[in-house]
Amino acid sequence: MHVLIAPDKFAGTLSAVEAAEAMAAGWRQQAPDDEVVTVPMSDGGPGFVDVLHAALGGELLAVTVSGPFGEPTPATLLMHEETAYIESAQACGLTLVPEKERDPERATTYGVGELVAAALDAGARKLVIGLGGSGTNDAGAGMLAALGATAKPEGALRSGGAALADLTEVDLTAARARLAGVEVLAATDVDNPLLGLRGATNIFGPQKGVQDDRRVVLDAALERFADLSDRPLADAKGAGAAGGLGYVLLLLGGERVPGIETIIDAVDLNAHARRADLVLTGEGAFDFQSASGKVVSGVAATAGEAIRPCVVLAGRVLVGIREMRTMGVESAYSLVDLVGADRAMGQPRESLVALGARVARTWSR
């Protein structure tokens with residue numbers, strides 16, 4: 001039997017690479033004669049570069065950039081021929097800041113701009129920037145500053161979202177010149193606009209630490225920035241991704257593409273699925289959000305096109321059979337149901353190995 005294992009990360013516990021290896025180890029324990037192929041996945045958030053490096057090869061470039069509050073932060077970008085793959089979360093990710101210290105009103109995307117500059121210095125003519133898992137809400141203004149954009153008052157672009165309320169002028173000339181002739185793709189799993197009830201601040205701000213009574217204020221600050229840059233573009237799909245990083249990439253001439261489709265094409269998942277008898281995928285929480293451009297739905301759709309069954313292994317399964325079938329998932333198995341919440345979080349790899357073996361007992365020939 002040929003089994004394809006293509007999971008996302010299990011947020012907070014296992015990377016996509018680690019999750020795929022654990023699922024494979026469990027399967028091989030139970031069915032050692034089966035052929036198991038691992039293809040770790042991502043939708044543009046944390047793990048984007050690692051997944052692409054595992055699939056494409058290429059050269060990893062280590063750089064030090066500014067973190068969300070200006071602290072030196074190690075990051076890595078992937079150069080494959082003349083294309084640079086950048087994971088924005090490495091410079092402005094929510095996981096870089098302890099929960100009690102999160103402050104999206106001050107956090108900046110300046111480090112993302114430094115990553116872009118490093119890629120350009122390395123000769124990149126195409127940038128694919130994964131958006132997801134950010135701890136920022138500055139509409140990408142910090143990234144613009146790192147690429148040479150200026151504003152009045154001076155320094156407002158790199159001081160976080162709240163500082164944008166004081167803007168009187170924005171000049172994008174230098175940043176646009178820096179990216180002249182370079183193709184830019186913003187790979188994201190969301191299509192929210194920058195502003196309003198469905199925008200970056202109101203939808204994603206609370207999980208980053210934006211207080212309810214500050215949402216209107218911060219949204220207005222981003223609107224001020226948009227008014228001085230390109231207000232109609234703020235309504236574009238994906239402009240609200242990664243706290244508004246999507247907006248700035250569109251502002252610089254970029255194009256928004258679904259993150260999962262970017263990975264599916266890069267790893268040639270369609271070909272892998274056609275060779276498989278069964279496709280396994282997984283993530284930390286298999287819930288209603290999984291249907292919206294996430295790895296599980298993308299892998300399930302690919303399996304469906306190849307007429308192969310798709311099974312999900314997840315930390316928690318929070319959808320019913322009807323919702324699963326709508327996504328093209330045959331069955332789903334929960335770590336918490338098998339080993340309990342404490343062990344699932346405390347021993348994630350061992351727990352996922354056990355779940356992989358459990359699934360193999362049911363599905364292997």
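Under the condition of being modelled with pLDDT of 95 or more and assigned to a loop (DSSP other than H, G, I, E, B), which residue from region 106-132 is surrounded by the most Cβ atoms within 10 Å (Cβ to Cβ)?
Checked region 106-132; the qualifying residue surrounded by the most Cβ atoms within 10 Å (Cβ to Cβ) is Thr109.
For region 73-86, does any single residue satisfy the condition of being crowded, with 21+ Cβ neighbours inside 10 Å, on the phi < 0 side of the Ramachandran plot and assigned to a loop (DSSP other than H, G, I, E, B)? Show your work before the answer.
From region 73-86, those crowded, with 21+ Cβ neighbours inside 10 Å are 75, 77-78, 84-86; that's our starting set.
Pick out the ones that are also on the phi < 0 side of the Ramachandran plot and you get 75, 77-78, 84-86.
In the following step, the residues that additionally are assigned to a loop (DSSP other than H, G, I, E, B) were identified as none.
No, region 73-86 contains no residue that is crowded, with 21+ Cβ neighbours inside 10 Å, on the phi < 0 side of the Ramachandran plot and assigned to a loop (DSSP other than H, G, I, E, B).
Kindly evaluate Ala25 against the criterion of being in contact (Cβ under 8 Å) with a residue 40 or more places away in the chain, under 17 Å from Ser290 (Cβ atoms) and not in a loop (DSSP other than H, G, I, E, B).
Values: in contact (Cβ under 8 Å) with a residue 40 or more places away in the chain: yes; under 17 Å from Ser290 (Cβ atoms): no; not in a loop (DSSP other than H, G, I, E, B): yes.
Answer is no for this residue.
Right, Thr173: more than 17 Å from the chain's Cα centre (by Cα) and of a type in the set (Val, Ile, Thr) or not?
Numbers: more than 17 Å from the chain's Cα centre (by Cα): yes; of a type in the set (Val, Ile, Thr): yes.
In short, yes.
Condition test on Asp103, is it in contact with a strand residue (DSSP E or B) (Cβ under 6 Å, 6 or more places away or on another chain), surrounded by fewer than 21 Cβ atoms within 10 Å (Cβ to Cβ) and either among the acidic types (Asp, Glu) or closer than 27 Å to Gln289 by Cα (or both)? Spell out the reasoning first.
Values: in contact with a strand residue (DSSP E or B) (Cβ under 6 Å, 6 or more places away or on another chain): no; surrounded by fewer than 21 Cβ atoms within 10 Å (Cβ to Cβ): yes; either among the acidic types (Asp, Glu) or closer than 27 Å to Gln289 by Cα (or both): yes.
Spelling it out, it is not the case that Asp103 is in contact with a strand residue (DSSP E or B) (Cβ under 6 Å, 6 or more places away or on another chain), surrounded by fewer than 21 Cβ atoms within 10 Å (Cβ to Cβ) and either among the acidic types (Asp, Glu) or closer than 27 Å to Gln289 by Cα (or both).
Out of Pro74, Pro104, report the one residue that is farther than 22 Å from Ile264 by Cβ and touching a residue at least 60 places away in the same chain (Cβ under 8 Å). Give the derivation first.
Details: Pro74 fails: touching a residue at least 60 places away in the same chain (Cβ under 8 Å).
Every option except Pro104 fails the conditions.
Applying the selection to region 120-151, what residues are more than 17 Å from the chain's Cα centre (by Cα) and more than 20 Å from Gly70 (Cα to Cα)?
Within region 120-151, Leu120, Asp121, Ala122, Gly123, Ala124, Arg125, Lys126 meet the criteria.
I'd like to verify a number: residues in region 269-290 that are under 19 Å from the mean Cα position of the chain (by Cα) and either crowded, with 16+ Cβ neighbours inside 10 Å or in contact (Cβ under 8 Å) with a residue 60 or more places away in the chain (or both), how many? Don't jump to the end; show me each part of the working.
First, pick out the residues of region 269-290 that are under 19 Å from the mean Cα position of the chain (by Cα): 269, 281-290.
With the extra rule that they be either crowded, with 16+ Cβ neighbours inside 10 Å or in contact (Cβ under 8 Å) with a residue 60 or more places away in the chain (or both), the set shrinks to 269, 281-287, 289-290.
Final tally of qualifying residues: 10.
Applying the selection to region 44-68, what residues are surrounded by 19 or more Cβ atoms within 10 Å (Cβ to Cβ) and over 18 Å from the mean Cα position of the chain (by Cα)?
Those that are surrounded by 19 or more Cβ atoms within 10 Å (Cβ to Cβ) and over 18 Å from the mean Cα position of the chain (by Cα): Val63, Val65, Ser66.
Which helices (runs of 4 or more DSSP H) sit wholly inside region 217-320 and have at least 3 residues that are at pLDDT 95 or above?
Counting at least 3 such residues, we get 245-251, 269-275, 295-305.
With respect to Leu4, is the statement that it is in contact (Cβ under 8 Å) with a residue 12 or more places away in the chain, in contact with a strand residue (DSSP E or B) (Cβ under 9 Å, 6 or more places away or on another chain) and crowded, with 24+ Cβ neighbours inside 10 Å true? Don't jump to the end; show me each part of the working.
On the way: in contact (Cβ under 8 Å) with a residue 12 or more places away in the chain: yes; in contact with a strand residue (DSSP E or B) (Cβ under 9 Å, 6 or more places away or on another chain): yes; crowded, with 24+ Cβ neighbours inside 10 Å: yes.
Judged against the criteria, Leu4 is a match.
The values are calculated or read from the model by the stated rules, or taken from the named source; none is laboratory data. Keep in mind the model is a prediction, meaning the values are calculated, not measured. We place every Cβ from the backbone using ideal geometry, glycine too, and count neighbours over all the protein chains shown.
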